[in-house]
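Step one of this worksheet: look at the structure below.
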Amino acid sequence: MIHISKPIIGDEEIQAASEVLRSGMLAQGSKVALLEERFAEYCGTKYAVAVNSGTAALHSGLYALGVRPGDEAVTTPFTFLATANAIMMQGAKVVFADISEEDFNIDPTEVEKKITDKTKVILPVDLYGQVYRHEEVDALAKRYHLNILEDACQSIGASQNGVKAGGFGDVAAFSLYATKNIMCGEGGMVVTNDAEIAEKCKMFRHHGQSGESHECEDLGYNYRMTDLAAAIAIEQLKKVDTFNQKRIANATRLSDGLKDIRGVVVPKRGDGNIHVFHQYAIRITPEFKISRDELAERLREKEIGSGVYYRKPLHLHPYFMNMGYRAGDFPVAEKMASEVLSLPVHPGIEPSDIDHIIETIRHYGE
Ligand SMILES: *Cc1c(COP(=O)(O)O)cnc(C)c1O
């Protein structure tokens with residue numbers, strides 16, 4: 001079976017984890033501190049704060065930006081649930097803005113329509129491993145005095161005009177979940193250039209205790225990362241560029257083989273972007289001979305895994321529909337949800353696997 005995702009774990013990760021286990025110091029300690037240093041250096045930001053999931057990173061970032069009940073956050077409906085849930089964890093209102101067909105990311109024109117006097121932050125997602133249209137969103141943030149929290153959970157190592165993912169907001173959140181481009185099972189990172197934001201995130205992950213006095217200054221959570229997870233993440237971080245280069249090479253081979261098949265739309269890369277293909281998502285349009293879901297089924301019969309990210313835009317989940325959202329509210333997101341199909345692109349995929357995927361899709365499409 002060619003799997004849709006697979007963590008690549010080498011002897012280095014196993015060795016690093018064993019050392020931590022043998023040391024008997026498992027909780028947040030020197031490995032977490034080292035990971036924070038290296039992660040910030042990699043992203044080109046001044047600070048990184050390790051937490052125990054991407055969701056915790058988003059939540060901490062929103063807290064540090066001062067998002068509170070009564071505030072509104074504008075985000076995309078075409079993302080993983082965590083993006084919107086984190087907003088609600090701070091008691092704020094989720095306001096969706098539709099996406100663009102070109103990059104599956106939030107459409108700046110739609111964002112502007114959703115800004116009210118309650119809007120506090122814009123929360124764009126670098127979906128599938130490609131940075132959102134930063135310049136236009138940033139212009140809005142400046143004009144309306146809003147903060148930006150970049151959900152970079154899928155985009156470590158991606159860049160736009162030479163700036164790496166994580167550098168496109170006041171604060172950014174990464175995930176180190178098992179299926180991400182680099183991982184440690186469960187984990188997350190907040191990055192920022194603002195010392196105060198970094199300090200607030202450190203308090204927030206440790207029950208609201210200030211680092212100096214250990215006095216509780218505000219409500220916080222236990223969002224600490226273990227040294228065990230950090231030791232694995234440090235080894236993965238050393239390999240991130242190699243992993244991403246393999247993903248990019250795999251994506252290029254896939255696109256070369258699929259681009260002229262009727263009813264298949266291959267992913268586009270925006271100007272100035274390095275896309276790191278956390279997902280390689282094609283679109284199967286009505287012009288294709290069989291439906292998207294039928295194709296997924298045929299691929300499975302040929303031992304090829306695939307995935308639909310995301311089958312439903314967030315506003316069509318029951319929880320959000322109860323808030324008043326309806327089918328038809330975000331037509332582009334809804335159309336993309338009905339057409340996208342992610343194909344295996346991870347570093348464990350070989351050129352021969354890719355040729356097999358291409359031939360199979362061509363067989364059912366022509
Ligand atoms: C994975 C992911 C998250 C959440 O990360 P966890 O580590 O699973 O909590 C948030 N947003 C996006 C876009 C993601 O892909």
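The values are calculated or read from the model by the stated rules, or taken from the named source; none is laboratory data. Owing to the predicted nature of the structure, the values given are computational and were not obtained by experimental measurement. FYI the Cβ positions are ideal-geometry reconstructions off the backbone, even for glycines, and counts take in every protein chain you see. Side chains are part of the model used for accessible areas, which takes the heavy atoms of the whole protein and leaves out ligands, DNA and RNA. Shrake-Rupley method; radii C 1.70, N 1.55, O 1.52, S 1.80 Å.
Quick notes
- Of the residues examined, GLU101 is not one that is more than 16 Å from the ligand (Cβ to nearest atom), out of contact with any helix residue (DSSP H, G or I) (no Cβ under 7 Å at 6 or more places or on another chain) and open to solvent by 20 Å² or more (accessible area, probe 1.4 Å).
- Subset of the range 161-194 that is part of a loop (DSSP other than H, G, I, E, B) and of a type in the set (Ser, Thr, Tyr) - its residue that is least open to solvent (accessible area, probe 1.4 Å): THR179
- Tally of residues being among the aliphatic types (A, V, I, L, M) and surrounded by 20 or more Cβ atoms within 10 Å (Cβ to Cβ) across the range 29-47: 3
- Subset of the range 195-211 [open to solvent by 30 Å² or more (accessible area, probe 1.4 Å) and either on the phi > 0 side of the Ramachandran plot or aromatic (Phe, Trp, Tyr) (or both)]: HIS207
- In the set (1) in a loop (DSSP other than H, G, I, E, B); (2) in contact with a helix residue (DSSP H, G or I) (Cβ under 9 Å, 6 or more places away or on another chain), VAL20 fails one condition alone, (1).
- Among (1) out of contact with any Leu (no Cβ under 8 Å at 6 or more places or on another chain); (2) open to solvent by less than 10 Å² (accessible area, probe 1.4 Å); (3) part of a loop (DSSP other than H, G, I, E, B) - the single one VAL137 does not satisfy: (3)
- Among the residues listed as GLY29, GLY54, the single one being in contact (Cβ under 8 Å) with a residue 40 or more places away in the chain, within 20 Å of GLN236 (Cα to Cα) and over 21 Å from the mean Cα position of the chain (by Cα): GLY29
- Residue check, GLU112 in a helix (DSSP H, G or I), in contact with a Leu (Cβ under 8 Å, 6 or more places away or on another chain) and either over 25 Å from VAL340 (Cβ atoms) or free of Cβ contacts under 8 Å to residues at least 24 places away in the same chain (or both): yes
- Exactly one residue out of VAL191, VAL163 is more than 25 Å from TYR309 (Cα to Cα) and within 16 Å of the ligand (Cβ to nearest atom), and it is VAL191.
- Inclusion of ASP260 among residues that are over 30 Å from ALA56 (Cβ atoms), assigned to a loop (DSSP other than H, G, I, E, B) and open to solvent by 70 Å² or more (accessible area, probe 1.4 Å) is warranted.
- Failed item in (1) touching a residue at least 24 places away in the same chain (Cβ under 8 Å); (2) in contact with a Ser or Thr (Cβ under 7 Å, 6 or more places away or on another chain); (3) more than 16 Å from the ligand (Cβ to nearest atom), with ARG253 passing the rest: (2)
- Yes/no for TYR128 being within 15 Å of the ligand (Cβ to nearest atom), under 14 Å from the mean Cα position of the chain (by Cα), in a loop (DSSP other than H, G, I, E, B) and not β-branched (Val, Ile, Thr): no
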